[in-house]
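Engineer: Submitted below is the structure of interest, expressed as structure tokens.
Only the coordinates and a few stated rules stand behind these numbers; no lab work does. None of the values given here were measured: they were computed from a predicted structure. In this analysis, Cβ positions are derived from the backbone assuming ideal geometry, glycine residues included, and neighbour counts consider all displayed protein chains.
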Amino acid sequence: MKVLVLNGPNLGTLGRREPEVYGTKTLADLEKVLNNRARELGVELGFRQSNHEGQLIDWIESEPSDAIIVNPGALSHYSLALADALRGSGKPVVEVHISNVFRREPERHRMVTATAAKGVISGLGFDGYLAALDYLART
Ligand code: DQA
């Protein structure tokens, strides 16, 4: 089984970006933690980050995988194009947010891409990605 992990805009600066919201660990740290768990689970992992909506859509359309974990960053709140691509993939999708978006500004409560997800995890930090991976590996 192969799981594609996609991170959207501004997630490449994790560790430096608003550490009081997102913590001090970097995207490379996240990749390491997920790779370790994937190895334990016998799952193959694809790990990508882009600041560009179209690039994320291209990966959804072209990267072979059985399931997708996505943190679309701010695109979560308005990108119908990304929602369409995720829905169109026909794959199980789990959307993850490091912060609890429902405890934040009202603009972040509108969840557009989540309409294409099987489930959403918000506010558990990197553990949210691990929970998503565990879940997808079982399905
Ligand atoms: C985020 C939450 C979004 O509202 C924000 O724009 C991000 C990160 C999160 O992981 O908590 O870039 O997706």
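Engineer: For the range 1-29, which residues satisfy the criterion of being within 18 Å of Ser122 (Cβ to Cβ) and either within 11 Å of the ligand (Cβ to nearest atom) or acidic (Asp, Glu) (or both)?
Structural biologist: Within the range 1-29, Asn7, Gly8, Pro9, Asn10, Leu11, Leu14, Arg17, Glu18, Glu20, Val21, Tyr22, Gly23 qualify.
Engineer: Moving to a separate point now. Please determine, by comparing only the residues of the range 100-139 that are of a type in the set (D, E, K, R) and assigned to a helix (DSSP H, G or I), which one is surrounded by the fewest Cβ atoms within 10 Å (Cβ to Cβ).
Structural biologist: Arg138
Engineer: Next question. Within 13 Å of the ligand (Cβ to nearest atom) and more than 12 Å from the chain's Cα centre (by Cα): does that describe Arg37?
Structural biologist: No.
Engineer: Considering only the range 56-77, how many residues are within 16 Å of the ligand (Cβ to nearest atom) and either loosely packed, with under 15 Cβ neighbours inside 10 Å or charged (D, E, K, R) (or both)?
Structural biologist: 1
Engineer: Quick check on the range 81-99: of everything there that is part of a strand (DSSP E or B) and within 14 Å of the ligand (Cβ to nearest atom), which residue is nearest to Gly54 (Cα to Cα)?
Structural biologist: In this case the residue turns out to be Glu95.
Engineer: Given the conditions (1) over 19 Å from Asn10 (Cα atoms); (2) within 15 Å of the ligand (Cβ to nearest atom), report the number of the one that Thr113 does not fulfil.
Structural biologist: (1)
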